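See structure below.
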Amino acid sequence: MMRQAKVHRIATTAPDDLSGLLAAIAAGTIDPQGIVAILGKTEGNGCVNDFTRAFAVSALKAGLSQYLDAGRISQIAYVMSGGTEGALSPHILVLERGAGDGPGPALAIGSALTSDLPSEGLGRLAQVRLVADGVAAAMADAGITDPADVHFVQIKCPLLTAERIGEVEARGGSVATRDTLKSMGFSRGASALGVAVALGELDVEAVSDAAIGRDIALWSSRASTSAGIELRNHEIVVLGMSDQWSGPLSVDHAVMADAIDTRPVRDALDRLGFGHDVRAEGRLVALLAKAEPGTTGLLRGARHTMLDDSDISATRHARAFVGGVLAGLVGSSEIFVSGGAEHQGPDGGGPVALIATKA
């Protein structure tokens, strides 16, 4: 039986703003029974204490309780990414699927929720293996058998807090880092390497605890991971193309070599059939990207200060900078740019996914 994916981009005025979502449901534009995942950009700081993510998830679950039972609500992946620095515009992407007809291939969506990760496993090989299994489950959910058909894997992963560190140490264990902010990078990195293993980009034997967060030669071309305080498991969403799916949507991906490398993104837009002016066509449904300041402190030989700013996290600088570059390219600031690209694309760069209606 053919399936069809739908992606709805809805602007929000605050983390708990459900007006656009509820209006779309009331109008019949969105069938709540078909919602697989909700991705969102919230206007928090994107750091450990960014509670806008949990606030948004709580509001979404409360709003959907008018239409879905608790069991169904818990099956939805809620991937909230904090930080809309610069002119990035807060919004949500509602991913829906249902019955389809007509020819493929078309956008396919799969999701999976892993079991809770023990905090001593965060940033270590245990997390890599857990995520790799979760990505495989999400691919199966989408009916995708060939990893080459996967164009993007969006993951929400946990982080460490002082309480969680204390729990581990009380039972005689250890954690990858006692720095809660750095734990976000370790978690993002290990999750990204899990994607690389699942998609055959890396062999698990090439990954070790010591390499996670340190060996910049190890990376995935299709992973996008975001850490948050609001969960202990992993919420995984796979986006790909499949002959078993129909409908008007396609997805493609690119890998930026650095923060101003737009050529690969332009090439992906060309493959999706865009003409000379993306902004005039109105076919771009969503853009998702990773932003990373890199480890050298240089951008094409020129010094930047993102890594030296003690007031503002480098990930916040990177989100605003890459967000501006990509917004200028596609003519919209309503794009999903996530900071912190450890093992997600080459050092200083990052993967990008583009969802568009077919030409």
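For residue 229, the conditions (1) among the aliphatic types (A, V, I, L, M); (2) under 25 Å from residue 80 (Cα atoms); (3) modelled with pLDDT of 95 or more are fulfilled apart from (3).
Looking at residue 259 and the list (1) among the hydrophobic types (A, V, I, L, M, F, W, C); (2) farther than 23 Å from residue 135 by Cβ; (3) in contact with a Phe, Trp or Tyr (Cβ under 9 Å, 6 or more places away or on another chain); (4) at pLDDT below 95, which single condition is not satisfied? For residue 259, the failing item is (4).
Being of a type outside the set (A, V, I, L, M, F, W, C) and either farther than 18 Å from residue 356 by Cα or free of Cβ contacts under 8 Å to residues at least 12 places away in the same chain (or both) is the filter here; which residues of region 1-28 pass it?
Step one: list which residues in region 1-28 are of a type outside the set (A, V, I, L, M, F, W, C), which gives 3-4, 6, 8-9, 12-13, 15-17, 19-20, 28.
Once the filter is applied, which keeps residues that are of a type outside the set (A, V, I, L, M, F, W, C) and either farther than 18 Å from residue 356 by Cα or free of Cβ contacts under 8 Å to residues at least 12 places away in the same chain (or both), region 1-28 yields 12, 13, 15, 16, 17, 19, 20, 28.
For region 195-244, residues that are in contact with a Pro (Cβ under 9 Å, 6 or more places away or on another chain), among the aliphatic types (A, V, I, L, M) and crowded, with 24+ Cβ neighbours inside 10 Å total 3.
The residue list 3, 72 contains one member that is modelled with pLDDT of 95 or more and crowded, with 19+ Cβ neighbours inside 10 Å, which is 3. The set of residues in region 128-143 that are crowded, with 24+ Cβ neighbours inside 10 Å and in contact with a strand residue (DSSP E or B) (Cβ under 9 Å, 6 or more places away or on another chain) comprises 131, 134, 135, 138, 139, 142.
Yes/no per residue for (1) modelled with pLDDT of 95 or more; (2) in contact with a Lys or Arg (Cβ under 7 Å, 6 or more places away or on another chain):
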position	(1), (2)
298	yes, no
310	no, no
324	yes, no
337	yes, yes
349	yes, no
357	yes, yes
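Do we find that residue 247 is surrounded by fewer than 17 Cβ atoms within 10 Å (Cβ to Cβ) and either over 25 Å from residue 347 (Cβ atoms) or not hydrophobic (A, V, I, L, M, F, W, C) (or both) in this structure? Write out each step before concluding.
On the way: surrounded by fewer than 17 Cβ atoms within 10 Å (Cβ to Cβ): no; either over 25 Å from residue 347 (Cβ atoms) or not hydrophobic (A, V, I, L, M, F, W, C) (or both): yes.
Answer is no for this residue.
Quick one: is residue 195 modelled with pLDDT of 95 or more, of a type in the set (Val, Ile, Thr) and assigned to a helix (DSSP H, G or I)? It is true that residue 195 is modelled with pLDDT of 95 or more, of a type in the set (Val, Ile, Thr) and assigned to a helix (DSSP H, G or I). Just one of (1) polar (S, T, N, Q); (2) closer than 24 Å to residue 43 by Cβ; (3) over 13 Å from the mean Cα position of the chain (by Cα) fails for residue 224. It is (3). Within region 17-32, the presence of a residue that is in contact with a Ser or Thr (Cβ under 7 Å, 6 or more places away or on another chain), part of a loop (DSSP other than H, G, I, E, B) and under 23 Å from residue 112 (Cα atoms) is excluded. Of the numbered criteria (1) out of contact with any helix residue (DSSP H, G or I) (no Cβ under 9 Å at 6 or more places or on another chain); (2) among the charged types (D, E, K, R); (3) within 23 Å of residue 346 (Cβ to Cβ), the one residue 311 fails is (3).
The values are calculated or read from the model by the stated rules, or taken from the named source; none is laboratory data. Here the structure is a predicted model, which means the values were calculated and not measured. Note that we place each Cβ from the backbone using ideal geometry, even for glycine, and neighbour counts take in every protein chain shown.
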